[in-house]
Structure formats: structure tokens, C-alpha cells
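**Student:** Got a structure for you, questions after.
The values are calculated or read from the model by the stated rules, or taken from the named source; none is laboratory data. Please read these numbers as outputs of a predicted model, since none were measured by experiment. Here Cβ is always computed from backbone atoms with ideal geometry, including for glycine, and neighbour counts include all displayed protein chains.
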Amino acid sequence: MSNPSSKSEMASAAPVEGLIEVKIRGLMMDPVTNMPIVVLKDVHSDAVVPIWVGIFEANAIALEIEKTTTPRPMTHDLMIHLIRSTDAVLRRIVISELKDDTFYAVLWMERGGEWISMDARPSDALALALRMDCPIFVADQVARAARLTNAGAENFSPEELRRWLENLNDEDLGRYKM
């Protein structure tokens, strides 16, 4: 993945080549595995990308979706303080790869005009993006692969899973909708 060429490229709402901008549509439980799913929705279409996460990671995302404050800083709050204390700014996160049913993400930060990329778990990257209000992107090849995979949903065909995810309504997402 190449460095962004300019600050305006990073902050721009315009499409970035090879990346799809998404928003977190909600958080729900997989009906087959009972594992949490973060549902990412393409901002320019009805396409969705499901990302299975762990229970603790889902909780961190849910806390931010609900804007719940905790008496002590959570791990992601600590990460934000560390990023800010180094005068860095989280510009965007990218869900960059899908290998062997595992998603990978990259944090793109800027500090003093220098770009820094850092490997991250997608769940951590998403929790940070929510807390720092930065754009979320999915690499085009990951979005295509995620729509075709049946990771965690052995009883559904890929097409049935895609249709089910794309037709989610607010009741399906429960209290963790955005």
C-alpha cells in the first residue's frame, strides 16, 4: 500500500483509488456462530462488508456507538491519548487484507508532515476510528472477497448471506445501530 500523496487526499471525501469508504452500519450477532459481526456499509451503494470480531472487541465498539463513558480509560482511550501525546493524527483506517478468513487493517497517521502506517486488528482500528471520528475504508479486493466468503456462516450460501446482510433493518441490528 502506498503512502497517501497529500493531506487533502487523506481528508477528502472523494473516492480513493482501490478503496471503498464505509460507515459502521451496526453491530449484531451472527445467527449461526453467535459471534459478533460489525456491519460496514459502502457510503456510495447498498453493499455491505461483514467483519466477525471477538466479544470484547465488540463491547469496545458498542460502548462508543452508545457513547457510554467508563469510569476509567479503556484500552482504546489509552491508545488515543498515546497517539495525541505524540502529536500524531489518525487520518484513516483501511481494512487492507483478507487472508484465511482473517481480516487485517492499517492505521494511517500523520505526524509533522510524515505519514506513518501501523498494522492493527480491524476491531481495534474500527474502535479507534469511531472514537477519533476518522474515515474508514475497505480495500476493493477485500470487499469483493468478503461478499463472496461464507466465513462463520456455514449454513448459508455466499449469495444468501450477502442478501441477508444487505437487507438488514434497524430491528435486526438491535440497539447497536448507527
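Quick grid of which residues meet (1) more than 19 Å from ASP133 (Cα to Cα); (2) under 16 Å from the mean Cα position of the chain (by Cα); (3) without any contact (Cβ under 8 Å) to a residue 24 or more places away in the chain:
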{"site": "GLY26", "(1), (2), (3)": "no, yes, no"}
{"site": "ASP42", "(1), (2), (3)": "no, yes, no"}
{"site": "TRP52", "(1), (2), (3)": "yes, yes, no"}
{"site": "ASN59", "(1), (2), (3)": "no, yes, yes"}
{"site": "ALA62", "(1), (2), (3)": "no, yes, no"}
{"site": "VAL89", "(1), (2), (3)": "no, no, yes"}
{"site": "GLU97", "(1), (2), (3)": "yes, yes, no"}
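**Student:** A follow-up question, please. Exactly one of (1) touching a helix residue (DSSP H, G or I) at 6+ places or on another chain (Cβ under 6 Å); (2) modelled with pLDDT of 90 or more; (3) assigned to a strand (DSSP E or B) is unmet by ILE61. Its number?
**Tutor:** (3)
**Student:** Quick check: is even one residue across segment 148-156 closer than 20 Å to LYS41 by Cβ and modelled with pLDDT of 60 or more? Outline the logic, then answer.
**Tutor:** Of the residues in segment 148-156, the ones closer than 20 Å to LYS41 by Cβ are 148-153, 156.
If we keep only those that are modelled with pLDDT of 60 or more too, we end up with none.
No, every residue in segment 148-156 fails to be closer than 20 Å to LYS41 by Cβ and modelled with pLDDT of 60 or more.
**Student:** Kindly state which strands (runs of 3 or more DSSP E) lie completely within segment 16-56 and contain at least 1 residues that are more than 17 Å from LEU98 (Cα to Cα).
**Tutor:** Values: elements: 19-29, 36-42, 48-52.
Ranges flagged: 19-29, 36-42.
**Student:** Taking the condition part of a helix (DSSP H, G or I) and either touching a Cys at 6+ places or on another chain (Cβ under 8 Å) or surrounded by fewer than 19 Cβ atoms within 10 Å (Cβ to Cβ) (or both), does ILE93 pass?
**Tutor:** Values: part of a helix (DSSP H, G or I): no; either touching a Cys at 6+ places or on another chain (Cβ under 8 Å) or surrounded by fewer than 19 Cβ atoms within 10 Å (Cβ to Cβ) (or both): yes.
Taking the combined requirement at face value, the residue does not satisfy it.
**Student:** Any idea which residue in segment 129-143 is surrounded by the most Cβ atoms within 10 Å (Cβ to Cβ), counting only those that are touching a helix residue (DSSP H, G or I) at 6+ places or on another chain (Cβ under 8 Å) and assigned to a helix (DSSP H, G or I)?
**Tutor:** Out of the qualifying residues, it is LEU130.
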